[in-house]
Amino acid sequence: MDLKRIKGMGVENVLVTAVEPLGCYPALTAKNSYQKCIEIFNSAAQFHNLQLKDAVNKLNTDTNIHNSTASSFIFLNVYESFMSELNKKHFKGKLEVKNPLEPCCVGLDDKYSCGSVDDKGVKKYLVCENPELSFFWDNVHPTQSAWHAVSSSLNSSLHRIYKSF
């Protein structure tokens, strides 16, 4: 397993992150006009995260048999933070978010995506007026505002993790 190999290279602590709610990506929610997350994909992400957390716990048990120090492998559940922020109406309590499942940057039609240009270099995409009010930049990437909100909601977990390093 790659995590054991990384540990074997001398890395003392490894942070393993869960996957975010995949069913909330605009690439999938576009089919329902960005109105709701696709639960089957979120269920798959949750199942994956549960299996990943179990694997991280097992790694800690297996690698710390002769060592009573803190865990070497640390699981960070970003799924819950994403869901919490996606359900909020405001970023940082100030900015009102437009539909959080709708991307800021989109192709002009189904043939194009964010950043597409034609053979003459003409833009074939639109960018929203206020990206800081969008959760997703394009069909899969969160905006800077979204990452700030997610990381802010993870602050207490990140402080605990930092102290364990």
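Quick notes on this structure:
- Neighbours of A30 by Cβ distance under 13 Å: Lys/Arg scored +1, Asp/Glu scored -1, total -2.
- Too-long pairs where the Cα-Cα distance tops 22 Å, listed order kept, from K88/K111; K36/K98; K36/K111; K36/K88; K98/K120; K4/K58: K88/K111; K36/K111; K98/K120
- Taking amide H as placed 1.01 Å from N in the peptide plane, V14 has its amide H under 5 Å from the amide H of F73, I74, each at least 5 places away in sequence or on another chain.
- Student exercise, the chain dipole from Lys, Arg, Asp, Glu Cβ charges, in Debye to nearest 20: 340 debye
- Residue-level accessible surface for L52, protein heavy atoms, 1.4 Å, Å²: 40 Å²
- Furthest towards positive pole of dipole, S43, F73, T143, structure part the chain, Cβ charges: F73
- Dimensionless Rg/Rh of the chain - Kirkwood Rh, Rg from C-alpha atoms: 1.07
- Residues listed by number, the stretch 1-19, amide nitrogen under 20 Å from Q51 label point at 7 Å toward C-beta: 1-5, 16-19
- Formal net charge of residues neighbouring F47 (Cβ-Cβ distance under 15 Å; K, R +1; D, E -1): -3
- Each Lys or Arg adds one and each Asp or Glu subtracts one; over the other residues with Cβ under 13 Å from the Cβ of V16, this totals +2.
- Applied to the stretch 120-129, the Karplus parametrisation 6.51 cos²θ - 1.76 cosθ + 1.60 on θ = phi - 60° returns per-residue 3J(HN,Hα) values of 9, x, 7, 4, 10, 8, 10, 10, 4, 5 Hz, with x for Gly and Pro.
- Think of the chain as having a plus end and a minus end, set by charges on the Cβ of Lys, Arg, Asp and Glu; of S156, A30, L126, S156 sits farthest toward the positive end of this dipole.
- Length added when fully stretched, A44-E96, from 0.36 nm per residue minus Cα-Cα: 15.7 nm
- The HN-Hα couplings worked out from phi for the stretch 9-16 by the Karplus form 6.51 cos²θ - 1.76 cosθ + 1.60 (θ = phi - 60°) are 7, x, 6, 6, 10, 10, 8, 10 Hz, whole numbers, x standing for Gly and Pro.
- Coil-residue GluC sites (Glu not before Pro) of the stretch 94-163, DSSP, other Cβ within 10 Å capped at 12: E129
- Model label sites at E12 and K31, defined 7 Å from Cα along the beta-carbon direction, differ in position by 4.7 nm.
- Per residue, the accessible area of the chain comes to 63 Å², computed with a 1.4 Å probe over protein heavy atoms only.
The values are calculated or read from the model by the stated rules, or taken from the named source; none is laboratory data. Computed from a predicted structure; not experimentally measured. Please note: Cβ atoms are built from the backbone with ideal geometry, for glycine as well, and neighbour counts cover all protein chains shown. To get the accessible areas, we keep the full protein, side chains included, count just its heavy atoms, and leave off ligands, DNA and RNA. Shrake-Rupley method; radii C 1.70, N 1.55, O 1.52, S 1.80 Å.
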